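Trainee: Attaching a single structure in structure tokens format; questions to follow.
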Amino acid sequence: KKTAPMPSDILARKGGTPLVCLTAYTTPFAQLTDPHCDIILVGDSVGMVHHGLPSTIGVTMDMMVMHGQAVARGLKQAMMVVDMPFGSYEESPEQALRNAARIMRETGAGAVKLEGGVTMAPTIEFLTNRSIPVMAHIGLTPQAINTLGGYKVQGRGEDRERIMADAEAVAKAGAFSVVLEKVPASLADEITAAIPIPTIGIGASAGCDGQILVIDDMLGLFTAFKPKFAKRYATLGDDADKAIADYADEVRSRAFPAAEHVFGDKAPEPKK
Ligand code: KIV
Ligand code: NA
């Protein structure tokens, strides 16, 4: 059995073969993604994808811990990172440490992820100095939807220097990698060249040190909306719709259950 990469192994992948990352929220999808990925993120996107929430704001610590535990049961070789939910780390480094420690203790995660650049750098430093590896997340940070005013591209024009400063701050604070979400490709490339930690792109650039997508987006399971960057590699939502419609037809026509799905009066002869 290959052991899961440690944050130091991820750091060493800077500039090498791109890191393959996906989200997972349940044991079966952890089992499906594990053989192919370096990092599995239990993202707070679970709130929108599996709990019907309108944004990630309503996601709780209990939800992240429960999904983290489910994913951990399905992983054999990938590193698991768990998102810190909105409100669980912003108040103080101490609050962040308390909640990050709970996530690691109760899920076995090797690291946590939190959103924010310059503002969160002191918290990232506090955690990493106290044995909690941190993946940072800058650019479009979905927990900031209410202050960003929508899921817009970040770092265009005047804003470019702000995102570059965020990248430099989280790297200096000790993050072992950073997610760059929805920033211009040229900025993602510039950040990737400028900082010593792996950049993991989502709506960023093929030049990043790794890529991540939401599993339900890339499988075509989440179809409420489709971000431009969310390439669909399958249409499992359509397959599921067809299967469920077929079942409904067969129940109404009594084609299901058929002889092979029902039981006779006598037990079958025991096999010799
Ligand atoms: O919650 C999530 O799925 C994420 C990734 C898209 C980076 O934060
Ligand atoms: Na997230």
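Trainee: Taking segment 107-151 only, how many residues are aliphatic (A, V, I, L, M), within 16 Å of ligand 2 (Cβ to nearest atom) and either assigned to a helix (DSSP H, G or I) or surrounded by fewer than 18 Cβ atoms within 10 Å (Cβ to Cβ) (or both)?
Mentor: Final tally of qualifying residues: 4.
Trainee: Could you give me the residue pairs with C-beta distances under 7 Å whose first residue belongs to segment 39-57 and is free of Cβ contacts under 8 Å to residues at least 60 places away in the same chain, whose second residue is in a strand (DSSP E or B) and within 11 Å of ligand 1 (Cβ to nearest atom) wherever it lies, and which are 6+ apart or on separate chains?
Mentor: Pairs found: 40/22.
Trainee: Go through 78, 136 for me and flag whichever is within 17 Å of the chain's Cα centre (by Cα) and under 26 Å from residue 186 (Cβ atoms).
Mentor: 136
Trainee: Can you find a residue that is among the acidic types (Asp, Glu), over 22 Å from residue 17 (Cβ atoms) and either within 12 Å of ligand 1 (Cβ to nearest atom) or outside the structural domain of residue 14 (by TED's automatic domain parsing) (or both) anywhere in segment 120-137?
Mentor: Within segment 120-137 (the criterion being among the acidic types (Asp, Glu), over 22 Å from residue 17 (Cβ atoms) and either within 12 Å of ligand 1 (Cβ to nearest atom) or outside the structural domain of residue 14 (by TED's automatic domain parsing) (or both)), the answer is no, since none of the residues qualifies.
Trainee: Right, here's the next one. Taking residue 213, is it farther than 15 Å from residue 136 by Cβ, touching a strand residue (DSSP E or B) at 6+ places or on another chain (Cβ under 8 Å) and surrounded by 19 or more Cβ atoms within 10 Å (Cβ to Cβ)?
Mentor: Yes, satisfied.
Trainee: Here is a further query. Can you pull out the helices (runs of 4 or more DSSP H) entirely within segment 158-272 that have at least 3 residues that are β-branched (Val, Ile, Thr) and in the same structural domain as residue 145 (by TED's automatic domain parsing)?
Mentor: Answer list for segment 158-272: none.
Trainee: Now a separate question. Return the residues of segment 216-267 that are loosely packed, with under 10 Cβ neighbours inside 10 Å and within 30 Å of residue 188 (Cβ to Cβ); say none if nothing qualifies.
Mentor: Selection gives 224, 225, 228.
Trainee: To continue, here is another question. If residue 88 passes every condition in (1) touching a residue at least 40 places away in the same chain (Cβ under 8 Å); (2) buried (at least 21 other Cβ atoms within 10 Å of the Cβ) but one, which one does it miss?
Mentor: It is condition (1) that residue 88 fails.
Trainee: Still on this model: Restricting the first residue to segment 195-212 and requiring it to be farther than 16 Å from residue 164 by Cα and at pLDDT below 95, which pairs with a second residue that is assigned to a strand (DSSP E or B) and more than 15 Å from ligand 2 (Cβ to nearest atom) meet a Cβ separation below 8 Å and a spacing of at least six or different chains?
Mentor: So the pair list comes out empty.
The values are calculated or read from the model by the stated rules, or taken from the named source; none is laboratory data. Because the structure is a prediction, the values reported are computed rather than measured. For neighbour counting, all protein chains shown are included, and Cβ atoms are generated from backbone atoms with ideal geometry for every residue, glycine included.
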